[in-house]
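All remarks here apply to the structure that follows.
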Amino acid sequence: VVDSSGRTPLDARILDDAATTYLLVSAETSAERREALAEAGAEVIVVGSNDGERVDLASGFDALTDRGIDRLMVEGGGEVIFSCFAAGLVDELHVYVGSMVIGGRDAPTLADGTGFIEEFPTLDLVGTERLDDGIALSYEVASDGSDSS
């Protein structure tokens, strides 16, 4: 879990000890809050960015690697997804397109944040799978940043 300020509820199901829950927090999270989260069942990892307010994802991924994690699925909102792309941490992207249109001018997108202005991640479509009334698209991120089509 990426939670810069440590706001994860202490009674959240993810902390139920069914599996180890790593909680990445920034230095902004108080020692008392970190201790409470640890007592609730999280393994808290402090990996703040230069501003101290956000989690440094690259450092967080390194810390998880040090704990034996070599494969990670990130399920997040547009800010987290954008941050992972911006840090060069994404090697696969799986997107589900359903049979309902949700959106609007202020709706979140797949990759929010500051957006991609000059350099864009290049994806290679490697698979499709129909799921109910939608489709799951599987992509690999091009390693050289160029379009392979």
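Mind listing whichever residues of segment 1-42 are open to solvent by 60 Å² or more (accessible area, probe 1.4 Å), outside any loop (DSSP other than H, G, I, E, B) and out of contact with any helix residue (DSSP H, G or I) (no Cβ under 9 Å at 6 or more places or on another chain)? Give the derivation first.
Taking segment 1-42 and keeping what is open to solvent by 60 Å² or more (accessible area, probe 1.4 Å), we get 1-2, 7, 9-11, 13-14, 16-20, 27-28, 32-35, 39.
Cutting the leftovers down to outside any loop (DSSP other than H, G, I, E, B) gives us 2, 13-14, 32-35, 39.
R13, I14, E32, R33, R34, E35, E39 - these are the residues of segment 1-42 that are open to solvent by 60 Å² or more (accessible area, probe 1.4 Å), outside any loop (DSSP other than H, G, I, E, B) and out of contact with any helix residue (DSSP H, G or I) (no Cβ under 9 Å at 6 or more places or on another chain).
Across segment 45-57, what is the total count of residues that are open to solvent by 40 Å² or more (accessible area, probe 1.4 Å) and hydrophobic (A, V, I, L, M, F, W, C)? Show your work before the answer.
Taking segment 45-57 as the starting set, the residues that turn out to be open to solvent by 40 Å² or more (accessible area, probe 1.4 Å) are 46, 50-51, 53-54, 56.
Still in the running and hydrophobic (A, V, I, L, M, F, W, C): 46.
Total satisfying the criteria: 1.
Between residues in segment 7-33 that are over 13 Å from G48 (Cβ atoms) and residues that are hydroxyl-bearing (S, T, Y), which pairs lie under 8 Å by C-beta distance while being six or more apart or on different chains?
Here the result reads I14/T8; I14/T21; L15/T8; L15/T21; L23/T8, each pair linking segment 7-33 to a residue that is hydroxyl-bearing (S, T, Y).
If you go through segment 83-121 one residue at a time, how many are among the β-branched types (V, I, T) and in contact (Cβ under 8 Å) with a residue 12 or more places away in the chain?
Start the filter on segment 83-121 by keeping residues that are among the β-branched types (V, I, T), which leaves 90, 95, 97, 101-102, 109, 114, 117.
Those still in the list that are in contact (Cβ under 8 Å) with a residue 12 or more places away in the chain too: 90, 95, 97, 109, 114.
The qualifying residues number 5.
Name the pairs whose Cβ atoms lie under 8 Å apart, with the first residue in segment 71-82 and under 12 Å from G115 (Cβ atoms) and charged (D, E, K, R), the second open to solvent by less than 90 Å² (accessible area, probe 1.4 Å) and assigned to a loop (DSSP other than H, G, I, E, B), and 6 or more positions between them or separate chains?
Filtered contacts from segment 71-82: E79/D112; E79/G113.
The values are calculated or read from the model by the stated rules, or taken from the named source; none is laboratory data. These figures come from a predicted structure and were not determined experimentally. Glycine gets a Cβ as well: all are built from the backbone with ideal geometry, and neighbour counts include every protein chain shown. Accessible surface is based on the protein model in full, side chains and every heavy atom, while ligands, DNA and RNA are left aside. Shrake-Rupley method; radii C 1.70, N 1.55, O 1.52, S 1.80 Å.
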